[in-house]
Each structure stands twice: as structure tokens, then as C-alpha cells.
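Okay, so here's the structure we're looking at.
The values are calculated or read from the model by the stated rules, or taken from the named source; none is laboratory data. Since the model is a prediction, treat every value here as computed from it, not as a measurement. Here the Cβ is made from the backbone with ideal geometry for all residues, glycine too, and neighbour counts use every protein chain on show. We work out accessible area using only protein heavy atoms, side chains counted, and drop any ligands, DNA or RNA first. Shrake-Rupley method; radii C 1.70, N 1.55, O 1.52, S 1.80 Å.
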Amino acid sequence: MLEQYLPFMGLIIFGNIENLILSSQGVVQGVNPKVLGGLSILVVIIWLVLGTILTDAAMQYSNAINFIGGLAIFILGIQAVYEAVKNIRSKGSA
């Protein structure tokens, strides 16, 4: 059963790391951690259900999905780092 998910293993691992980065970014911005945690868990469950149901249909597009997902994770990571650096610099000059 796990073999069918192997082409998407990179997205699973790095997507979860990105989810943690975005969640911590939300906490830094003052979002209620309980609401943010609940929404984060809800999104993970939705992706789990969609991934479980649609894996067979997505196998023929796995290379494109991995590329687009990896690019999205990379862009969101750069955005998170940029915002964190901007936030640190603004607090440092205050």
C-alpha cells in the first residue's frame, strides 16, 4: 500500500515542514494558536482524504504534481523567510 505513495514522498515530507513554517509565521503575527492549530489539522485531514482517494488518478501526473508542489513549497518558504527577516529587522530598529 505504501508503494503507491512513494512518488509523492518528497511533497509529503516538505509539505508538512512548510505547514509548520506557515503555522509558526501565523503565531508570530498574533493569530490565535488554537484556531490556527485547528485549521492546520483540518487542512491536513482534507489533504489526507483527497490524497488517499485520488492517488490512483494522480499517478500519471506525478512528475508534474511533484514539480508544481515543490515549486509552491519553495516559493512559500522564501516568502516565510522574507517576512521573518523583515519582522526581525523592524523589531530591531524599534
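What the table shows:
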| quantity | calculated |
| --- | --- |
| From the options Gly26, Gly92, residue that is within 17 Å of the chain's Cα centre (by Cα) and over 23 Å from Leu6 (Cα atoms) | Gly26 |
| Residue list for region 61-89, filter: among the polar types (S, T, N, Q) and either closer than 24 Å to Ile12 by Cα or open to solvent by 60 Å² or more (accessible area, probe 1.4 Å) (or both) | Ser62, Asn63, Asn66, Gln79 |
| Only one of Gly30, Gly15 that is touching a helix residue (DSSP H, G or I) at 6+ places or on another chain (Cβ under 8 Å) and within 21 Å of Gln79 (Cβ to Cβ) | Gly15 |
| Residue within region 1-23 that is open to solvent by 60 Å² or more (accessible area, probe 1.4 Å) and in contact with a Pro (Cβ under 6 Å, 6 or more places away or on another chain) present | no |
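Residue by residue, here is whether (1) in contact with a Ser or Thr (Cβ under 9 Å, 6 or more places away or on another chain); (2) without any contact (Cβ under 8 Å) to a residue 12 or more places away in the chain holds:
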{"residue": "Gly10", "(1), (2)": "no, no"}
{"residue": "Pro33", "(1), (2)": "yes, yes"}
{"residue": "Gly37", "(1), (2)": "yes, no"}
{"residue": "Ser40", "(1), (2)": "yes, no"}
{"residue": "Ser62", "(1), (2)": "no, no"}
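Condition check ((1) modelled with pLDDT of 85 or more; (2) farther than 18 Å from Ile17 by Cα) across all residues:
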{"site": "Leu42", "(1), (2)": "yes, no"}
{"site": "Leu50", "(1), (2)": "no, yes"}
{"site": "Asn66", "(1), (2)": "no, no"}
{"site": "Leu71", "(1), (2)": "yes, no"}
{"site": "Ile75", "(1), (2)": "yes, no"}
{"site": "Ile88", "(1), (2)": "no, yes"}
{"site": "Lys91", "(1), (2)": "no, yes"}
